[in-house]
Each structure stands twice: as C-alpha cells, then as structure tokens.
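First comes the structure, then the notes that go with it.
The values are calculated or read from the model by the stated rules, or taken from the named source; none is laboratory data. Because the structure is predicted, anything quoted here is derived from the model rather than measured. No Cβ is skipped: glycine too gets one built from the backbone with ideal geometry, and neighbour counts run over all protein chains shown.
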C-alpha cells in the first residue's frame, strides 16, 4: 500500500503531538516534518475554532501547493463551513470525533480528491443549496452547474443525435436560437465545438 504523506499544522504543540501520535503508527500514512511541506499530499490543520488565524493557515496551505487540505476543528457552524470550503478545505472533522480511524478515513478520502463533511452540517448545507436554487437561480433559469435549463435541454438533444433543425423543432426554438445557445456554451466554457460541449456535459453528469 502506498503511504499518504501528511503535513500537520496545529494551534499548539500538544495538539500536534496528539494527532501525530495517532497517525505515526499507521502503515498507510507518512507524517512529514513541518519544514518538509513540499513533500506532502495532504495538509491537516488542527484548531479549536475557525478563527481568523485558522482561516489564514488554511489559505496558506493552499499557497504552499498542497493538493488537499483537511480541517480538524473543535467547533464549526454552517457559515464557518462555507468559509472553510472557500479557503480550500476538502475535509472537515470535529475534534471530539477524531479517532485514529476517522483521521485516516478523512485523509484517504482527501487523497483521492473526495470530500468529507459532518453529516449534520452537510444536511443543513444541502437545505441551503436547495433554497438558493429555488429562490434565486430557478427564476433566472440558472443552475449550480453553470448551464441554464435551456442549454441543458439543447445539449441533451444534441447528445441524442439531433441536428440543429431537429433541436429547434423539438424545443420550439428558431435554428438561430439553437446556434446561439451552442455558441454561448462553447465560448463561456472554452470548448472547441458542439461535440466537445456534449462530451463536457456528459463527463460532468449534467445530461
């Protein structure tokens, strides 16, 4: 098993020593020294709360080039979770849940590019996302994936093999409108052509 290199930053030496002692014996984790951050895949920041100093540490971890950053924190609320994500965090674990097994689980998840959020925070976050979609984006014909409902409809038909005229008839648009929709998508997302746009939408799970 390839070991995952982890760089640890804590608010105090005792906190860092506690996390290091739990992880050092794990065969799938390699702890790097504080000055060897260039060699680490995952950064783990340990703090009591998401105060300004901790946010600065998270942002600094991103500037140091870490592929993934994990936050182990004593307390965090919904708004602070958003702040942490904006600062580059992919995994959040509360300190009172930070057993060796959970620490390794969060590290492994981060290492492969996935995220971890406490279930209660995730549930409230999804509720907020749904409310934003309904109250702000839906009335404007927008979605979180960066494509409008009309753009998704056009790309779905293109993926089904429809040509421009057939798409126009199916959606009761003019052919010019269909062409404009495709041009807007390819220009905004920097895609080469309609085939590239369809491939992008399929890869991202949008259609």
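Restricted to segment 56-88, and to residues there that are without any contact (Cβ under 8 Å) to a residue 40 or more places away in the chain and surrounded by 20 or more Cβ atoms within 10 Å (Cβ to Cβ), the residue that is nearest to residue 11 (Cα to Cα) is 73.
Whether a residue is over 28 Å from residue 81 (Cβ atoms), modelled with pLDDT under 85 and not in a loop (DSSP other than H, G, I, E, B) was assessed, and residue 168 does not pass this test.
Filter segment 1-25 down to residues that are closer than 17 Å to residue 94 by Cα and in a strand (DSSP E or B) and give me whichever is farthest from the chain's Cα centre (by Cα). Checking each candidate, the answer is 10. Of all residues in segment 179-207, which are under 23 Å from the mean Cα position of the chain (by Cα) and in a loop (DSSP other than H, G, I, E, B)? Selection gives 189, 190, 191, 204, 205, 206, 207.
Surrounded by 15 or more Cβ atoms within 10 Å (Cβ to Cβ) and either under 16 Å from residue 115 (Cα atoms) or touching a helix residue (DSSP H, G or I) at 6+ places or on another chain (Cβ under 7 Å) (or both): which single residue out of 95, 102 fits that description? Just a single option satisfies the conditions, and that option is 102. Considering only segment 92-106, I want to know if a residue exists there that is out of contact with any strand residue (DSSP E or B) (no Cβ under 8 Å at 6 or more places or on another chain) and modelled with pLDDT under 90. Looking for residues that are out of contact with any strand residue (DSSP E or B) (no Cβ under 8 Å at 6 or more places or on another chain) and modelled with pLDDT under 90, one finds none in segment 92-106, hence no.
Within segment 157-165, does at least one residue satisfy the condition of being closer than 14 Å to residue 147 by Cβ, assigned by TED's automatic domain parsing to the domain that holds residue 147 and not in a helix (DSSP H, G or I)? No: segment 157-165 contains no residue that is closer than 14 Å to residue 147 by Cβ, assigned by TED's automatic domain parsing to the domain that holds residue 147 and not in a helix (DSSP H, G or I). Taken over segment 91-105, the criterion of being without any contact (Cβ under 8 Å) to a residue 40 or more places away in the chain and within 19 Å of residue 31 (Cβ to Cβ) is satisfied by 91, 93, 101, 102, 105. Among the residues of segment 37-55, those identified as surrounded by fewer than 19 Cβ atoms within 10 Å (Cβ to Cβ) and closer than 20 Å to residue 108 by Cα are 37, 38, 39, 41.
Total residues in segment 35-58 satisfying the condition of being farther than 16 Å from residue 68 by Cα and more than 22 Å from the chain's Cα centre (by Cα): the figure is 3.
Consider residue 19 carefully, then state whether it is at pLDDT 90 or above, under 30 Å from residue 147 (Cβ atoms) and touching a strand residue (DSSP E or B) at 6+ places or on another chain (Cβ under 6 Å).
Values: at pLDDT 90 or above: yes; under 30 Å from residue 147 (Cβ atoms): no; touching a strand residue (DSSP E or B) at 6+ places or on another chain (Cβ under 6 Å): yes.
For residue 19, the condition - at pLDDT 90 or above, under 30 Å from residue 147 (Cβ atoms) and touching a strand residue (DSSP E or B) at 6+ places or on another chain (Cβ under 6 Å) - is not met.
The residue of segment 26-55 that is farthest from residue 113 (Cα to Cα), among those that are part of a loop (DSSP other than H, G, I, E, B) and without any contact (Cβ under 8 Å) to a residue 24 or more places away in the chain, is 51.
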